[in-house]
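To keep things clear, I will list the structure first and then write my remarks on it.
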Amino acid sequence: MSGCAKALIIGGIVAAVGVVGVIVLLVVVVGRGVDQVSKKVIGVAGRPASLPDGESGYPGMLERDQVAGESGTVRLAGYTTTATGWGRTTTDDGLAVICGNVSMRSPLKQGETNDVGDVLTIVGAQNWTLLTPRGADVQVSTAASDFDALANFLSRGQVGGTAQGKVCFPDAGESGRHVVTWRPRLFNAERGVWLVRL
């Protein structure tokens, strides 16, 4: 075998090892990136720092949850959101519901925005859920709720001010602690959480 052929074989082996090394490096880097994105979008299970020390926790809690205290207020996604007065009631149509009064406030923002986070904040108007004491996920009752004002407020991401509305869920009649969550951004796991005893 000539020296030229040996050099070609050795060069081919080195190139193959180099390609494999680059592929492994890409897999590691991309894998870490996907993991970080997943943590941001899905969240990391764990006890949130905002949960009071004496509180036992709740199903599905995430480290980045913002648990409302006695004031019922969380500061999230550029909004100060207060949800209070959670209680059982009946609609004019006889539907049993659990409702809370919601107020949202944001600072004045000047001009238009291309910030994806601001644009996606509108998702929050519909992204309220309720977890019953038995663990059933309940979606918002659009018929009983009055969050049009909130939705309009959120969709004007470039304009500050205050809006008020009412968020309601169908009532299964369970007694105990209900967990209300609000996730204002589609691609961010941060949620506001209200622990409601009924």
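With a 1.4 Å probe and all protein chains kept in place, how do L198, L95 rank by accessible area, largest first?
These residues rank, largest area first, as L95, L198.
With every protein chain in place, what's the accessible area of T82 (1.4 Å probe, Å², nearest 10)?
Looks like 40 Å² after rounding.
Kindly state, to the nearest 0.05, the FRET efficiency for T89 paired with R177, given R0 = 25 Å and r defined as their beta-carbon distance.
Here the calculated transfer efficiency is 0.85.
Using a 1.4 Å probe and counting only protein heavy atoms, arrange I13, I98 so the residue with the most accessible area comes first.
Descending accessible area places them as I13, I98.
May I ask you to rank E55, E70, E63 by accessible area, largest first, using a 1.4 Å probe over the protein chains only?
Greatest to least solvent exposure: E70, E63, E55.
Using mean Cβ contacts within 10 Å as the protection proxy, how do 74-81, 168-175 order, highest first?
Packing proxy ranking, top to bottom: 74-81, 168-175.
The values are calculated or read from the model by the stated rules, or taken from the named source; none is laboratory data. Predicted model, so just to flag it, every value in this text is computed and none were measured. With ideal geometry, Cβ positions are generated from the backbone for all residues, glycine too; neighbour counts draw on all protein chains shown. Note: areas computed on protein heavy atoms with side chains; ligands, DNA, RNA excluded. Shrake-Rupley method; radii C 1.70, N 1.55, O 1.52, S 1.80 Å.
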